[in-house]
Ligand SMILES: C[S@@+](CC[C@H](N)C(=O)[O-])C[C@H]1O[C@@H](n2cnc3c(N)ncnc32)[C@H](O)[C@@H]1O
């Protein structure tokens with residue numbers, strides 16, 4: 001990883017002016033997209049384990065470095081890393097097999113090749129509940145016209161909320177974090193925005209952004225009622 005990552009370039013000067021209206025629409029109107037067959041197949045391969053025990057979701061886990069760290073942090077939970085990039089997951093799979101040969105792979109982590117929109121839709125359909133969701137450096141989609149691709153403004157938002165648990169967002173784009181915090185407040189979850197002191201990077205992107213001198217932002221939306 002290089003320490004030369006560019007800051008986010010965007011025409012937005014603050015949270016998107018249509019955010020509230022878009023979020024309200026997603027909360028009001030059901031999302032009619034049908035999950036893909038591949039997504040269903042991937043989800044079915046792990047659904048029984050997810051229903052049987054508390055689990056933690058690492059959404060967009062990339063190479064899975066964070067999934068491994070989280071598996072150590074939550075030894076009593078299954079930690080599930082989900083990503084649509086088979087290339088990135090391949091890196092983690094090889095590292096995992098290497099650790100397994102050395103007897104050092106935690107048995108409470110699992111990596112799943114799956115489109116996250118499929119995953120969240122199918123998890124909502126199956127009424128699954130998790131204890132914690134991590135959204136670590138999601139793709140920012142900084143063009144205003146792409147706002148609905150950001151997770152808090154995506155039509156899958158109700159399914160993300162239905163999965164439950166605390167939701168932790170980390171990003172190097174302050175506006176993404178502000179929008180996320182606002183959205184969580186509208187759905188009744190406290191999600192204070194904080195600038196993160198960087199001690200031990202949890203993910204490769206976190207390491208790269210920190211090394212490039214970017215400010216890192218974090219919002220933890222507590223479970224409803226907390
Ligand atoms: C900027 S990278 C961050 C990766 C990792 N969390 C980190 O911090 O190093 C975003 C990751 O999200 C994944 N991703 C983006 N959209 C996705 C989607 N719709 N479904 C599944 N994975 C997705 C990408 O493949 C990529 O690995």
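Data table
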item: Cα point-scatterer Debye curve for the chain, base-10 log of I(q)/I(0) at q = 0.09, 0.14, 0.16, 0.17 Å⁻¹; result: -0.35, -0.90, -1.20, -1.36
item: Top of 206, 115, 145 by mean-square fluctuation, Gaussian network on the chain, Cα under 10 Å; result: 145
item: Relative contact order [Cα under 8 Å, 6+ residues apart], the stretch 24-172, whole percent; result: 28 percent
item: Added length on full extension, which subtracts the Cα-Cα distance from 0.36 nm per residue, residue 185 to residue 33; result: 52.1 nm
item: Computed FRET value (nearest 0.05) for residue 72 with residue 44, which takes r as the C-beta separation and R₀ as 25 Å; result: 0.35
item: Kirkwood-Stokes translational diffusion coefficient of the stretch 42-89, alpha-carbon pairs, 4 °C, 1.567 mPa s, µm²/s; result: 117 µm²/s
item: Difference of contour (0.36 nm per residue) and Cα-Cα distance, residue 200 to residue 131; result: 22.6 nm
item: Relative contact order of the stretch 130-173, defined on C-alpha pairs under 8 angstrom at six or more residues apart (%); result: 62 percent
item: Cα centroid separation, the stretch 139-198 to the stretch 1-78 (Å); result: 10 Å
item: Inter-probe distance in nm under a simple model that places probes 7 Å from Cα toward Cβ, at residue 145 and residue 25; result: 1.6 nm
item: Mean residue ellipticity (222 nm) of the chain, computed from DSSP H runs ≥ 4 via -39,500 (n - 2.57), nearest 500; result: -11000 deg cm²/dmol
item: Bridge type composition, the chain - antiparallel percent by DSSP, nearest 5; result: 30 percent
item: Fewest-first ranking of 176, 132, using other Cβ atoms within 10 Å as the exposure measure; result: 132, 176
item: Separation of the residue 162 and residue 9 label points, Cα + 7 Å toward Cβ, nm; result: 4.0 nm
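Only the coordinates and a few stated rules stand behind these numbers; no lab work does. Quantities reported herein were computed from a predicted structural model and do not represent experimental measurements. Note: ideal-geometry Cβ built from the backbone for every residue, glycine included; neighbour counts use all protein chains shown.
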